[in-house]
Amino acid sequence: GEDVEQSLFLSVREGDSSVINCTYTDSSSTYLYWYKQEPGAGLQLLTYIFSNMDMKQDQRLTVLLNKKDKHLSLRIADTQTGDSAIYFCAEGVTDKLIFGTGTRLQVFP
Amino acid sequence: DGGITQSPKYLFRKEGQNVTLSCEQNLNHDAMYWYRQDPGQGLRLIYYSQIVNDFQKGDIAEGYSVSREKKESFPLTVTSAQKNPTAFYLCASSIMGWRRDNYGYTFGSGTRLTVV
């Protein structure tokens, strides 16, 4: 069945890079997405990658896609305290998106 | 500005009562979705609708009901049959044919429902 998995927690020091990983199951996914959720708020689209791409860079964000292994990652360069949030990956499956469990990123000084 | 609005932000319900959560969008999006979020469980799809007067059950529809009488509105009713309704509820909308574009979903700011 459809499943998207992420590790639950990641803790990094301010200024370091963060890498959040995600595995998905549906090889027909056309787009894959990364969303950010701050406490008590809805989800905000951070970035996306089309399935025929291997990498996409958007300022401090780098998305890597390994279609063979169905693995998606989000790298945040120079992580700041404002990046502390829950990050969700999502894959498109037929007529809806399937979300992962979310990774809580904690940034400490 | 276009967006998606959920109300109220906080809602308290007594056991045995039905409550309705509001979701309104002015993005002219065709599809709308309701998710439930519990700590450590990510987002679980309750119901979704791709067109007015039509909707489909998601993974956890039991104890919930929806209607889609207008394109802009997709209210969710949490009925007394829902055994554990305390959660954070998120509404989202999207352009139909998302596989041909890169917009994904637009989310509301959520409603936190607590049963007292």
Can you sort B:L90, B:L11 by how many other beta carbons sit within 10 Å, fewest first?
-> B:L11, B:L90
Please compute P(r) over all alpha-carbon pairs of chain A, binned at 5 Å starting from zero, and give each bin as a whole-number percent.
-> 2, 13, 25, 25, 20, 10, 4, 1, 0
If you take every DSSP beta bridge whose two residues both sit in chain A, what share of them, in percent to the nearest 5, is antiparallel?
-> 90
Straight-distance crosslink candidates among aspartates and glutamates, where the alpha carbon sits under 12 Å from B:K71 and sequence neighbours closer than 8 are dropped = B:E24, B:D30, B:D54
What are the aspartates and glutamates whose alpha-carbon lies under 18 Å from the alpha-carbon of A:K56, with same-chain residues fewer than 8 places away excluded?
-> A:D69, A:D78, A:E91, B:D101
Equivalent-ellipsoid semi-axes of the range A:50-109, from the Cα gyration tensor, Å, largest first | 23, 15, 9
Long-range alpha-carbon pairs in the range A:46-85, meaning those over 12 Å apart, account in percent for 58
Excluding exposed DSSP-loop trypsin sites (Lys or Arg not before Pro) (at most 13 other C-beta within 10 Å), longest clean stretch of chain B | B:15-82
Where nothing but the Cβ of Lys and Arg (+1) and of Asp and Glu (-1) is charged, how large is the charge dipole of the protein assembly as shown around its Cα centre, in debye to the nearest 20?
-> 280
Can you give me the three principal axis dimensions of the protein assembly as shown from its C-alpha atoms, in Å, biggest first?
-> 49, 39, 38
Using a Gaussian network model of chain A whose springs link C-alpha atoms within less than 10 Å, name the residue from A:G40, A:G82, A:G15 with the highest mean-square fluctuation.
-> A:G40
Using Cα positions and a limit of under 27 Å, work out the lysines in reach of B:K70, with same-chain residues fewer than 8 apart set aside.
-> A:K96, B:K9, B:K57
The range B:13-103 - convex hull of the alpha-carbon atoms, volume per residue in Å³ = 102
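Read-outs throughout are calculated quantities, based only on the coordinates presented, and are distinct from any laboratory measurement. Note that the structure is predicted; figures quoted are calculated from it, not measured. Here Cβ is always computed from backbone atoms with ideal geometry, including for glycine, and neighbour counts include all displayed protein chains.
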